[in-house]
1. How about segment 72-113: which of its residues are hydrophobic (A, V, I, L, M, F, W, C) and either over 25 Å from residue 141 (Cβ atoms) or in contact with an Asp or Glu (Cβ under 6 Å, 6 or more places away or on another chain) (or both)?
2. Can you work out which of the residues in segment 194-245 that are small (Gly, Ala, Ser) and crowded, with 19+ Cβ neighbours inside 10 Å is farthest from residue 283 (Cα to Cα)?
3. Scanning for something part of a helix (DSSP H, G or I), at pLDDT 75 or above and farther than 30 Å from residue 33 by Cβ, does segment 259-278 turn up at least one residue?
4. Which condition number in (1) assigned by TED's automatic domain parsing to the domain that holds residue 66; (2) at pLDDT below 80; (3) of a type in the set (Ser, Thr, Tyr) is the one that residue 140 fails?
5. Pairs please, first residue from segment 201-226 and under 16 Å from residue 277 (Cβ atoms) and in contact (Cβ under 8 Å) with a residue 12 or more places away in the chain, second anywhere and in a helix (DSSP H, G or I) and of a type in the set (Asp, Glu), Cβ atoms under 7 Å, 6+ apart in sequence or on different chains.
6. Go through segment 81-188 and tell me which helices (runs of 4 or more DSSP H), entirely inside it, have 3 or more residues that are surrounded by 13 or more Cβ atoms within 10 Å (Cβ to Cβ).
Amino acid sequence: MSSKSRRKSKIVWTMQAVTSTISVSMVLVLMGLVVLLSLTARVVADSVKENLIVTVVLDDDVQSADALRLQDSLSTRRYVGSIDYISREQALQEQIESMGIDPTDFLGVNPFSISMEIKVKPEYSCNDSLLWIASELRDTKYVADVMYQEDLVESLNRNLHRASLFLLGIALLLVIISLSLINNTVRLGVYAHRFVLHTMKLVGAKWSFIRRPFLVRGFWIGVVSAIIADAVIFSGIYWAATYDSSVLHYITQQNMIITGLSVLGIGLTLAVVCTYFSVTHCLKMRGSELY
């Protein structure tokens, strides 16, 4: 082969690698966005669940010292995220500020009892867990009543379930599309070298030896494509954060690391696996099938 032919072959090989890298990068951006969206949805869901309040109303005659001891006892239970103590005086003051009326003016006494607002941990925010928690709290000494927004909890968990199914469906659809696009892109690049592959096979080269340079190229296409995709995704996050810094509250550093590694893993796996099967397909072709 002349130097001109080798130079031309090298240019073609490079152009095919660039085309494959761009195609794979575009697919990985979509895959990365789905992964990031799924992780962010979980953070938002946990944030909502952490603000779910179970109100514990104590008996009218309970003393402050007993109530404080009860607070210390409840704070150690495994489902309690945090607990706020609300005294009779604080409850009365909040009522005056919200309604503009002082009940003691016409009742003569403070009608409010000591209460506690418990924020349960996210994993205990389903209806079954809350029913069990409410039952356990009602059986606790000094507790008169337990209240929480049952309808809100049911609606929240139902919508989260629907959102999870929707994201799972989108992810599966993108995986199928990604496999198809990347496989076709890689196969076209390998197919362009089918005559070289056939010649190497005829002179007795092992299939593993023939595959090696293509697998190495597939590996680097996966790495570079993942880096490009991560750069696009993280640039988008940075751009969004410049307009609203609260974005970083939901898109955490941990989730960005998971997204970046997921994109890298998906890119490497798809590129190398598709390259392997594409080269194997060409190696199985008979001479008459090359034209």
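The values are calculated or read from the model by the stated rules, or taken from the named source; none is laboratory data. Computed from a prediction, not measured in an experiment: that's the story for all the values here. Note that each Cβ is placed from the backbone with ideal geometry, even for glycine, and that neighbours are counted across all protein chains shown.
1. Selection gives 96, 99, 101, 106, 107.
2. Of segment 194-245, the ones small (Gly, Ala, Ser) are 204-205, 208, 218, 222, 225-226, 229, 231, 235-236, 240-241, 245.
Then drop every residue that is not crowded, with 19+ Cβ neighbours inside 10 Å, which leaves 218, 222, 225-226, 229.
Details: 218: 17, 222: 22, 225: 26, 226: 28, 229: 32 Å.
The extreme case among them is 229.
3. Scanning segment 259-278 turns up no residue that is part of a helix (DSSP H, G or I), at pLDDT 75 or above and farther than 30 Å from residue 33 by Cβ.
4. (2)
5. Filtered contacts from segment 201-226: no entries.
6. The helices (runs of 4 or more DSSP H) meeting that bar are 88-99, 127-138.
So that you can scan it fast, the table gives a plain yes or no per residue for (1) in a helix (DSSP H, G or I); (2) at pLDDT 75 or above; (3) surrounded by 19 or more Cβ atoms within 10 Å (Cβ to Cβ); (4) out of contact with any Lys or Arg (no Cβ under 8 Å at 6 or more places or on another chain):
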residue	(1), (2), (3), (4)
1	no, no, no, yes
15	yes, no, no, yes
22	yes, yes, no, yes
25	yes, yes, yes, yes
31	yes, yes, yes, yes
42	yes, yes, no, yes
48	yes, no, no, yes
56	no, yes, yes, yes
66	yes, yes, no, yes
